[in-house]
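Take a look at the structure below.
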Amino acid sequence: MAAASELPHAVCVHLAREAIAAGPQHHTEAAAVQRALHYRRTLLSPVINATGVLLHTNLGRAPLAMAHPAHAINVELDLTTGNRGSRQHAVGGLLATLCGAEAAMVVNNNAAAVLLVLAALARERQVLVSRGESVEIGGGFRVPDVMEQSGAHLVDVGTTNRTRLADYSKALTRTSADVALVLKVHPGNYRIEGFVEGTPVEQLATLGVPVIADIGSGLVDAGCPWLAGPPPAWLAHEPAARQTLEAGAALVTFSGDKLLGGPQAGIIAGRADLVAACAGHPLARALRPGGHVLLALQHVALAYLDRTAATTIPFWQMASVTLPQLRHRAEAIVASAGIGTVVASEAVPGAGSAPGTVIPSVAISLTGDHLEVLRAATPPIVARTRDGVSLLDLRTVHPGDDIHVGAALAALAVPAVPAVPAIVAAH
Ligand SMILES: *Cc1c(COP(=O)(O)O)cnc(C)c1O
């Protein structure tokens, strides 16, 4: 059993005990091997994302190679002086340059960034939040709950669909007012349509209270200067760090592993005094990132500054691959596997980025629901179904994995139609 599953002996013993406890019918050698193989599938492993969701939270969001040398790295050592250095200095400086900010720092994720900002800058004081932005952003990030944990006091402003500058002003001039911050949250995963009005950062910045903008997705510059052409249409309504700071936000916070295309991290960028207050708060120690994350983030920041991000950051590679390239790959896979039809598809940014927008794409469609069989392939392939048809969207598949997709589809073709030639691709 240990040999068949390549699992450590201690794990196999545990699984064997479970099998015995489950009863005699689960106690055969074959059942034990099945149990071990099933267990092995619960371990983390690379998978092929054929869902067409570029930033799939269940698949770790932005794909990224994280090479960590088995060496010491100068995480907190100043190589010039030999003295203790700051973990935040190098990467923070690069991210600040990238965003056009005075300073920047890194924590474990964006939820941690928001928590730290509120704890460091608004503890026991009030924070104004529009009722339309007091939201839950998936995975249990709820603005009122984070506020409560930080020790800051949430003051709801305006209404769910409309909040104007005057609503904020009114809250600021109440006799009980002790307002430390205005928090603006980009509601990433939904959109209210119709009679809707929010207050832009430009206007909030006139209130005389620091404006914190949780932009979430980590688009660094709305102009996307790292892309060869103009910014893609699907990014049109996404707030960007540089422009939000230019509009007058004191700080922006965003995730490292969404549109930035980096490792899981949270970035705080903006006014140097406020970043310093965050860095000096005791929570900063508990929320600090590891050296491998900082190293990966440094690579990403350098790629943006070099303007090579479009070709070196996997997220931007996925986002910018052309339809003819995708169609060509899909046709080659279908031809080699002898199964499937090439169809037009719509990919989505995912992870609450650019909600409601789609990215034109190309998929291989298969009649019937084959998701379970595809997940059992090596490496596992995660696809989606629609109206009883399985769809493998190629925009999110690394071109180097096409061969595995082809092999998995060929294996699907064999038992069902042993001697039938390839189905011709539709155009
Ligand atoms: C995604 C998101 C978060 C949570 O970020 P994590 O990096 O997952 O912790 C918080 N706020 C906004 C606006 C987001 O889009």
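The values are calculated or read from the model by the stated rules, or taken from the named source; none is laboratory data. Quick caveat, the model's predicted, so the values are computed rather than measured. In this analysis, Cβ positions are derived from the backbone assuming ideal geometry, glycine residues included, and neighbour counts consider all displayed protein chains. Just so you know, the surface numbers come from the protein's heavy atoms only, side chains and all, with ligands and any DNA or RNA stripped out. Shrake-Rupley method; radii C 1.70, N 1.55, O 1.52, S 1.80 Å.
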Practice problem: Let me have the relative contact order for the chain, percent, based on Cα pairs under 8 Å that are six or more residues apart. | Solution: 20
Quiz item: If you place +1 on the Cβ of every Lys and Arg and -1 on the Cβ of every Asp and Glu, how big does the dipole about the Cα centre of the range 30-139 come out, in debye to the nearest 20?
Solution: 480
Quiz item: Pairing the Cα long axis of helix 110-122 with the longest principal axis of the chain, what angle in degrees results, from 0 to 90 and rounded to the nearest 10?
Solution: 10
Exercise. For every other residue with a beta carbon closer than 14 angstrom to the beta carbon of VAL321, add +1 if it is Lys or Arg and -1 if Asp or Glu, then tell me the sum.
Key: 0
Quiz item: Using all Cα-Cα distances in the range 1-43, what percent lands in each 5 angstrom bin from 0 up to the longest?
Solution: 5, 27, 38, 22, 8, 0
Quiz item: Dividing the alpha-carbon Rg of the range 231-373 by 2.2 N^0.38 Å yields what?
Solution: 1.36
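Report in % the part of the accessible area of the range 1-152 that belongs to carbon and sulfur, leaving out ligands and nucleic acids; probe 1.4 Å.
Result for the range 1-152: 55 percent of the exposed heavy-atom area is carbon or sulfur.
May I ask you to rank ILE267, ILE339 by accessible area, largest first, using a 1.4 Å probe over the protein chains only?
These residues rank, largest area first, as ILE339, ILE267.
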Quiz item: When the convex hull of the C-alpha atoms of the range 89-312 is computed, what volume per residue in Å³ does it have?
Solution: 115
Self-check item: Residue (of SER217, PRO239, HIS292) at the positive-pole extreme of the range 89-312, dipole from beta-carbon charges
Solution: HIS292
Practice problem: Quick one: angle between helix 29-40 and the longest Cα principal axis of the chain, in degrees between 0 and 90, rounded to 10, please. | Solution: 30
Quiz item: So how tilted is helix 323-337 from the main axis of the chain? Cα-based, degrees 0 to 90, rounded to 10.
Solution: 30
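Any chance you could run the full-extension gain for ALA411 through THR80? It's 0.36 nm times the residue separation minus the Cα-Cα distance, nm to one decimal.
113.4 nm
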Exercise. Sum up the charges of everything whose Cβ sits under 14 Å from the Cβ of THR378, counting Lys and Arg as +1 and Asp and Glu as -1, but leave THR378 out.
Key: +1
Exercise. Give me the Debye-computed log₁₀ of I(q)/I(0) at q = 0.10, 0.12, 0.22 Å⁻¹ for the range 292-427, equal point scatterers on Cα only, no solvent, two decimals.
Key: -0.38, -0.53, -1.35
Practice problem: Tell me the Kirkwood hydrodynamic radius of the range 152-223 in angstroms, computed as one over the mean inverse distance between distinct C-alpha pairs. | Solution: 13.6
Quiz item: With the other protein chains left in place, how much accessible area per residue, in square angstrom, belongs to the chain at a 1.4 angstrom probe?
Solution: 48
Quiz item: Of all the stretches in the chain, which is the longest one without any exposed loop site, taking chymotrypsin sites (Phe, Trp or Tyr not before Pro) in a DSSP loop (any state but H, G, I, E, B) with at most 13 other Cβ atoms within 10 Å?
Solution: 196-427
Quiz item: When only alpha-carbon atoms count, how far does the range 305-360 stretch along each of its three principal axes, as whole angstroms with the largest first?
Solution: 43, 29, 16
Quiz item: Please state the equivalent ellipsoid semi-axes for the chain: what are the square roots of 5 times the Cα gyration tensor eigenvalues, largest first, in whole Å?
Solution: 43, 27, 23
